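Undergrad: Let me give you the structure first, and then I'll get to my questions.
The values are calculated or read from the model by the stated rules, or taken from the named source; none is laboratory data. If you're wondering where the values come from, they're calculated on a predicted model, not measured in any experiment. Cβ placement follows ideal geometry from the backbone for every residue including glycine, while neighbour counts extend to all protein chains displayed. Just so you know, the surface numbers come from the protein's heavy atoms only, side chains and all, with ligands and any DNA or RNA stripped out. Shrake-Rupley method; radii C 1.70, N 1.55, O 1.52, S 1.80 Å.
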Amino acid sequence: MRRKRFIFAMCAILLAACNKENIVEIGSQQETSLSKENADMLQFTSENEFQQAVQTIASLDNKTQKEQWNKTKFGNFKSLKSVFDSAMIDAAKLDESRKAFEQYKEKYDQYLYFADYKDDCGAYLPVSNSDAAYLLNADGNVIIAGKVVNKKDIDSYTKLQSAGVAMYDNNNSAQTRANWGYNIIQHTVRAGEERSGNVGEEFDSGWWVQNKRKVRIKCGRKVEKGISIQGFLYTMKIHIEISFRKKTWLGWANYASETDTEGEFSGGYNGKIIYHERAWSSHDFYQEIKVSPFAGPNGHELWHNDAIDGKLTVNYRGIGLLPTVAFRISAINAVIPSNIIRPKK
């Protein structure tokens, strides 16, 4: 599959698991005429074809699979995601000096969104859909139907919070402390209503702070949408999210580090998990869970999943082995959109 003409066939979905120019106004998805300066961009015949590619990337379970898929399709294409990865590696090397942070910000400021809210000073992807960043060039551009489109849509901390990646989210109960807390975030029961895909209850440990590092554990359910030749494919998954930050001159910044996580679950999901990840925050684990579909009001289908009891233990390189957290997320009857394919029982 070539950079200049990306032909996204449906079979690829089933098998899948700059020259610099001026940056256009953020959030406008403004189009400009195609020129020789746009050589280092991926090209799609339509917005639908672009979104299908994003959905394929989203269907893969972890960063490693997504990077391998992108490498196979596009070779050494310098994406916005690869710029962000480099920034996270550089952030890991930052000390607490003003000079170091200012040099770091100067290097990446034109490509990434730097937070300036309370003591969150980290660099973030300037797009709300992180999977789309694999398909954009360093400036956030892509060619769609012969036009250059800029997909950057984050230019405020509020939008960063809506994307679900900010250090301070919209859950005010997530405190910073020297031990774990116990918070339950209430999400919608309607699948697809929240951009994050979360449904029902989500456990939130709050931030554990030690050694000029902080770490946070969250666990809940997501309903993810994929595409098949028969229509949309929805699956419910348990989602574990390990977030972390380091202290810098200006405040707390996200960066690349390592975690090892072990978990044990019973109820709506029965099993044990062990996973290692070395990448930028957050480190995410997904596992499909069984549901019991039944008819609901107004022609909607509901998916039932029993309450889940969980225990998680994290070994985070920035601090070390942390105490186990135990929690329960209540049962759910999730409202599923139409045009679905039922998961295997």
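Undergrad: Quick check on K152: is it open to solvent by less than 40 Å² (accessible area, probe 1.4 Å), modelled with pLDDT of 90 or more and in contact with a helix residue (DSSP H, G or I) (Cβ under 9 Å, 6 or more places away or on another chain)?
TA: For K152, the condition - open to solvent by less than 40 Å² (accessible area, probe 1.4 Å), modelled with pLDDT of 90 or more and in contact with a helix residue (DSSP H, G or I) (Cβ under 9 Å, 6 or more places away or on another chain) - is met.
Undergrad: Let me ask something additional. Are there any strands (runs of 3 or more DSSP E) wholly within the stretch 246-309 with 2 or more residues that are within 25 Å of G192 (Cβ to Cβ), and if so which?
TA: 256-267, 283-288, 292-295, 301-305
Undergrad: Quick one: count up the residues across the stretch 112-126 that are open to solvent by 10 Å² or more (accessible area, probe 1.4 Å), outside any loop (DSSP other than H, G, I, E, B) and of a type in the set (A, V, I, L, M, F, W, C).
TA: The total comes to 1.
Undergrad: Next question. Scan T56, T64 and give me the residue that is of a type in the set (S, T, Y) and in contact with a helix residue (DSSP H, G or I) (Cβ under 8 Å, 6 or more places away or on another chain).
TA: After applying the criteria, what remains is T56.
Undergrad: Among the residues of the stretch 127-148, which ones are in a strand (DSSP E or B) and open to solvent by 10 Å² or more (accessible area, probe 1.4 Å)?
TA: Passing the criteria: I144, K147.
Undergrad: Now a separate question. Cβ-Cβ below 7 Å, separation at least six or inter-chain, first residue in the stretch 325-345 and on the phi > 0 side of the Ramachandran plot, second modelled with pLDDT of 60 or more and open to solvent by 10 Å² or more (accessible area, probe 1.4 Å): which pairs?
TA: N339/G231; N339/F232
Undergrad: Still on this structure, please answer the following. Looking at the stretch 231-283 only, could you name the residues that are within 16 Å of L322 (Cβ to Cβ) and within 15 Å of the chain's Cα centre (by Cα)?
TA: Passing the criteria: I240, E241, I242, S243, F244, E277, S281, S282, H283.
Undergrad: For the stretch 241-250, does any single residue satisfy the condition of being of a type in the set (V, I, T) and farther than 19 Å from M167 by Cβ?
TA: no
Undergrad: Out of N315, N298, which single residue is among the polar types (S, T, N, Q) and loosely packed, with under 14 Cβ neighbours inside 10 Å?
TA: Testing whether each residue is among the polar types (S, T, N, Q) and loosely packed, with under 14 Cβ neighbours inside 10 Å leaves just N298.
Undergrad: Here's another thing I want to ask about it. If you go through the stretch 277-293 one residue at a time, do you hit one that is open to solvent by less than 40 Å² (accessible area, probe 1.4 Å), in contact with a Ser or Thr (Cβ under 7 Å, 6 or more places away or on another chain) and among the β-branched types (V, I, T)?
TA: No, that holds for no residue.
Undergrad: Identify, by number, the condition in (1) open to solvent by 20 Å² or more (accessible area, probe 1.4 Å); (2) farther than 30 Å from W280 by Cα; (3) within 24 Å of the chain's Cα centre (by Cα); (4) modelled with pLDDT of 95 or more that P337 doesn't meet.
TA: Of (1) open to solvent by 20 Å² or more (accessible area, probe 1.4 Å); (2) farther than 30 Å from W280 by Cα; (3) within 24 Å of the chain's Cα centre (by Cα); (4) modelled with pLDDT of 95 or more, only one is false for P337: (4).
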